[in-house]
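The values are calculated or read from the model by the stated rules, or taken from the named source; none is laboratory data. Keep in mind it's a predicted model, so treat the numbers as computed, not measured. No Cβ is skipped: glycine too gets one built from the backbone with ideal geometry, and neighbour counts run over all protein chains shown.
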Amino acid sequence: MRREKIRQESIWKDFFSAEREKNPVLAALKENALFQDLNSFELRYLERIVHIRKYEAGEFVFQQNETGIGMYIIAKGLVDIKIPPKAKNSDGEEAVITTLNRGTFFGEQALVEAEAKRTATALVTEPSVLIAFLKPDLMDIVHRRPSLGIKITMQLAKVLGKRLKQTTDRLSEFAAKSDYGK
Amino acid sequence: MESRLSDRDAILRSKANLRLLFLTATSLTLFSLIVITTNLFIPFIFSITLYFLLNPIVNFFERQGYSRILGAFIATATFFAPFTIISYSVISMAIQDLASLETSLPQLATNTHNWIIDFEARLAEKIDITYDINITEYVVDFLESLSAIFIQISPNIVSNTLWALILTPILTFFLLNDALSIRNAILNLSPNRFFESSYEIAHLIEDKISSYIIAKIIEALIVGLLALIALGVFGFPYSALLALIAGVTNIVPYFGPIIGFAPIILIPILDPQYAHLLYPAILMSLTINVIDLALIFPILVSKIIDLHPLFVLFSVLIGSHLGGPLGILVAIPIAAIIKIVLMQVLGAGLK
């Protein structure tokens, strides 16, 4: 029974990986939390709007404090998210806060914020393919296909809400620890 | 390790610079080809204008769930069908006016001739200087050379008009359907480090040009309509043709209104039958131009282009020097584009 289940899982895994190889962009969009409510027609439409960017290892996607206008989904490769060392006079290297891989996304804050400043630096660490989805694209979708625009913005609100909750939880945890220390 | 990193950085930077150079070269080559090929430039300008006018309609169709290609087809067809009918009726009215002008043209020529002889005689009476310049001869020579130039350029005008008539609907349809893909394909040539800023600049330019074109068309319509009403009230001949000329030429900054209202003032001067309309013609031309300069242009156009009037004047002069009437027509949008690019580049530099 267990072997059968594993076999079935691997069949589906093969099925999805075949599809991923056929059209990695569409597969990455399909798997992304922002676009999970979209049907295949809407995904195809979105595929024509987004921008496929190829990066080499060592290239910056963006740097901290730059003005940003959109988010990036990793279709292939690895991206380091870095912030400068905490101490102002420190001459140490930037600290990697997380390494993102295929299917994950970053920079989504810029989709909703006006004149958004990047809060961290995104550095590509191996040859990668990123899908850029920018604020003007989202506005175009809202104008041209409002129902699709609402689906995406609702998911975006959910993602941002989730991130806010995570931050609040961490802060509460931190505050609790500080109180405990006293 | 550090030198390996700096080598990699240098390679990445040179690749990015090469890509930027390629993007700039491609854009400039395409633009120069369009500008040099007059047959393509005029339909191109018309198609871009129509793209910005019809795009909201195509977006509306898309919102209703129709495919973009169908929306683009319906918008192009519905524009060009009534446009053909309206153009046909306006042009036939204008042709009627022209035919009537043609019959009165010999009379006008005789009047002009007599007027010059009379003027010459009065001038000789008042200014007691003997001169051996024959003004009539000069004027006749000038008119002859003008008609020779007209005969020389008229085949070009006919060929350009035909090209414009054939190419404009086709280009408009493709722009309405594929503008997004074309923009994205061009932007994909940009280096990664300039991608977001290039995209933002492209978007700002698109917004600015779209608003400018719509504002200029509304301005021309208002001026044309005001001229038509005033010409009708004063009982001017060829009112449809004159209002059409005043409206259309108004699109050209600075020189347009002068060219547009010149025939309205010239007719009463040249035709004694309408001599009583000279003061109403001057008054009307001045009033409409003042309304345009003081009200319509500042409210509709100035706010959109957001350029200093002196900069606008310089850009028009440079445009006229480089590209003649077409140069004047595109000077302000190009100046607005330069401003956007400079603001973005300098802004990024300052940040």
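Quick notes on this one:
- Check on B:I69, part of a helix (DSSP H, G or I), within 14 Å of chain A (Cβ to nearest Cβ) and at pLDDT 70 or above: yes
- Sole residue being away from chain B (no Cβ under 12 Å) and farther than 22 Å from B:L187 by Cα, chosen from A:E113, A:E108: A:E113
- Complete set of residues in the stretch B:242-286 that are of a type in the set (S, T, Y) and within 30 Å of B:F46 (Cα to Cα): B:T249, B:Y254, B:S285
- Failed criterion for A:L171 (all others in (1) modelled with pLDDT of 85 or more; (2) closer than 23 Å to A:L34 by Cα hold): (2)
- Among (1) within 12 Å of chain B (Cβ to nearest Cβ); (2) over 22 Å from A:Y45 (Cα atoms); (3) not hydroxyl-bearing (S, T, Y) - the single one A:V129 does not satisfy: (2)
- Residue count for the stretch A:65-87, restricted to those that are among the small types (G, A, S) and within 14 Å of chain B (Cβ to nearest Cβ): 3
- Within the stretch B:42-68, the set of residues being exposed (fewer than 14 other Cβ atoms within 10 Å of the Cβ) and in contact (Cβ under 8 Å) with a residue 24 or more places away in the chain is empty.
- One residue stands out among those in the stretch A:31-62 that are away from chain B (no Cβ under 14 Å), part of a helix (DSSP H, G or I) and not acidic (D, E): the one that is surrounded by the most Cβ atoms within 10 Å (Cβ to Cβ), which is A:L34.
- Residue match in the stretch B:293-306 (condition: under 22 Å from the mean Cα position of the chain (by Cα), loosely packed, with under 14 Cβ neighbours inside 10 Å and in contact (Cβ under 8 Å) with a residue 24 or more places away in the chain): yes
- Flag if B:V58 is within 23 Å of B:S211 (Cα to Cα) and modelled with pLDDT under 70: no
- Leading residue by the ranking (farthest from A:E59 (Cα to Cα)) among those in the stretch B:175-216 that are among the aromatic types (F, W, Y) and within 12 Å of chain A (Cβ to nearest Cβ): B:Y199
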